[in-house]
Amino acid sequence: HANAHTNANANAHTNTHANNTHANPDNSSTSSSSSLSIQSSIQSPSTGERASIQSVDISDDGRTCIAANNHSIVFLWDPTDSTNFIPLSKFRAHPTGTYLTKAKISPDCRQLVTCSSDQTAKLFDITRPQVQVPVPVPAQVPLQVPSQVKSNPSGGTNTNGTCTNTAVPVPVPAAVGFTPTLTLTLAQHQKWVWDAVFSADSSYLVTASSDNIARLFNLRTGEVVRQYEGHQFAVTCVALNDSST
């Protein structure tokens with residue numbers, strides 16, 4: 001994996017850190033440091049070997065947890081469902097033979113970005129399909145229901161708008177398997193992409209790469225808005241503060 005940093009000086013602090021933590025993602029010494037309450041490694045379906053977990057994240061609303069191994073396989077759970085804690089989704093984010101370096105959920109909880117040794121960052125729509133779940137309502141609870149429902153005796157609702165023995169359908173995220181949709185591939189970098197961070201409104205993304213450049217993308221168009229150049233070595237991590245206060 002030395003090619004990931006061919007232009008970087010091995011004595012540089014930032015590059016030494018990158019080599020110790022990322023350049024050998026299959027090294028057993030790094031596997032022991034990977035931590036996740038689910039398990040410390042996940043078997044790769046492409047090779048049958050156990051691959052260390054490279055990145056984890058939880059959405060701001062607490063309803064989505066992702067873990068990605070370094071063989072580019074992403075697993076997605078609903079952490080609120082403690083009785084059925086199995087992956088809702090498992091998918092390959094990048095081609096076989098490439099390494100995933102980072103996975104991050106957007107602030108609006110709708111998008112997932114993955115970074116890879118294939119020189120790209122990819123955006124996935126992780127919005128779960130909604131299903132209508134009937135929720136029982138206690139008797140004699142005033143409801144705001146349409147007049148045509150009030151006048152229907154078979155509907156279980158009195159003409160005064162109080163519920164007697166019915167249930168109200170409530171949309172909730174489906175607790176079944178689904179496949180996130182690839183919505184955008186950012187391929188402007190020339191070397192490994194190590195990190196990415198969303199803007200507060202989830203409309204922009206900053207990426208960091210071994211090509212010594214950080215790029216700001218408009219996610220509505222996929223175009224580069226700005227390039228942050230001048231680094232002499234690989235850019236392996238990035239942070240963003242775009243608050244108005």
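The values are calculated or read from the model by the stated rules, or taken from the named source; none is laboratory data. Keep in mind it's a predicted model, so treat the numbers as computed, not measured. Glycine also receives a Cβ, built like all others from the backbone with ideal geometry; neighbour counts cover every protein chain displayed. Surface accessibility is based on the protein's heavy atoms, side chains included, excluding ligands, DNA and RNA. Shrake-Rupley method; radii C 1.70, N 1.55, O 1.52, S 1.80 Å.
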Computed FRET value (nearest 0.05) for Asp108 with Thr83, which takes r as the C-beta separation and R₀ as 30 Å:
0.65
Counting only the heavy atoms of the protein chains, how much of Phe85 is accessible to a 1.4 Å probe, in Å² to the nearest 10?
90
Peptides ranked, highest mean first, by Cβ atoms within 10 Å: ranges 86-95, 66-75
66-75, 86-95
Students often check this: by mean Cβ neighbours within 10 Å, which of 223-232, 56-65 ranks highest, and how do the rest follow?
56-65, 223-232
